[in-house]
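Submitted below is the structure of interest, expressed as structure tokens.
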Amino acid sequence: MTLNLPIPKFFFIIFCLCTSLCACTSTKNVPYFQDVLDSGIVNLPVKALFQEPTIKPDDILSISIYTIDPNTSMVVNQLSTQSAPTAIAMSSIAASPTPTGFLVDKNGEIQISVVGRVRLLGLTTFQARDLIQDIAAKSYNNPTVQVRYSNFKITVLGEVTRPATYTVPNEKLSILDALGLAGDLTIYGRRENVLLIRENDNKERSLVRLDLNSTKLFESPYFYLRQNDVIYVEPNKGKAASLNVARTQTIALIGTALTVLITLISRL
């Protein structure tokens, strides 16, 4: 008995469908903020308020003091770049140079040669600027002071394009900014379950799950990052499947067997 021609075609279609289902990864969770409509404007309330970080021991501060006398300004700012010999560079492909500046000691103080010892513990950089400026004004005419962090760093790990530890000059950094520095998530990253690890002032660590697929992210108190925060992007099931060598070999064997079977049937 000779089989009709459509039967081999039927097996061939089944083979293609099985291969496609095994090889493809679902992309339904890939887009960010899926609860935003395709058209129109969405105004979100500002609930994720930014809190300025306060100065702590082991922080490295970049401090610039400018006066009418250019020689005085040159001495202060040159000393600033030499005051952190123990700072450690970030070892990564996107590592920043060794941060330089004034190292805050265990008492929360810094030593500026032309100003003296200044206690900055618990102050924001804005408050530290005003304090140093008031002290410098006792010796110099109309000094201008700038204070910012030299070692404000965050770490991004997991399924991102460039996992690394990043030192940033801006204290106001959101989780979206950090992921942008890391080159965004790969196709295998779980956007609905990003893990944020934060060390609190009491030396305890908070582990928080954030959903990049929802606009509720903008309402989270963890939307803005703090110094030394760690972001970990978990791999999805597609990543695990792509690394499963045994599963790949099984699919290849099944595909070979189906091809042989189709060839034999087509010759009957």
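Out of 213, 228, which single residue is open to solvent by less than 50 Å² (accessible area, probe 1.4 Å), touching a residue at least 40 places away in the same chain (Cβ under 8 Å) and in contact with an Asp or Glu (Cβ under 7 Å, 6 or more places away or on another chain)?
On the way: 228 fails: open to solvent by less than 50 Å² (accessible area, probe 1.4 Å).
Exactly one residue qualifies, and that residue is 213.
So for region 110-120 (the condition being at pLDDT 90 or above, open to solvent by 60 Å² or more (accessible area, probe 1.4 Å) and not in a strand (DSSP E or B)), does at least one residue qualify?
No.
Moving to a separate point now. Using beta carbons and a limit of 6 Å, which pairs, at least six apart or on different chains, have the first residue in region 239-268 and closer than 30 Å to residue 158 by Cα and the second one at pLDDT 75 or above?
That search, which allows pairs on different chains as well, returns 239/188.
Moving on. Mind checking which residues of region 48-89 are under 25 Å from the mean Cα position of the chain (by Cα), in a loop (DSSP other than H, G, I, E, B) and modelled with pLDDT of 50 or more?
48, 49, 50, 51, 52, 53, 54, 55, 56, 57, 58, 59
Given the conditions (1) buried (at least 17 other Cβ atoms within 10 Å of the Cβ); (2) closer than 15 Å to residue 157 by Cβ, which single one is not true for residue 236?
Going through (1) buried (at least 17 other Cβ atoms within 10 Å of the Cβ); (2) closer than 15 Å to residue 157 by Cβ one by one, residue 236 breaks only (2).
Hey, another quick one. What is the residue count in region 178-200 for residues that are within 22 Å of residue 55 (Cα to Cα) and without any contact (Cβ under 8 Å) to a residue 12 or more places away in the chain?
1
The values are calculated or read from the model by the stated rules, or taken from the named source; none is laboratory data. A quick note: this is a predicted structure, and the numbers were derived from the prediction, not measured. For neighbour counting, all protein chains shown are included, and Cβ atoms are generated from backbone atoms with ideal geometry for every residue, glycine included. These accessible areas exclude ligands, DNA and RNA; they are computed on the full protein's heavy atoms, side chains included. Shrake-Rupley method; radii C 1.70, N 1.55, O 1.52, S 1.80 Å.
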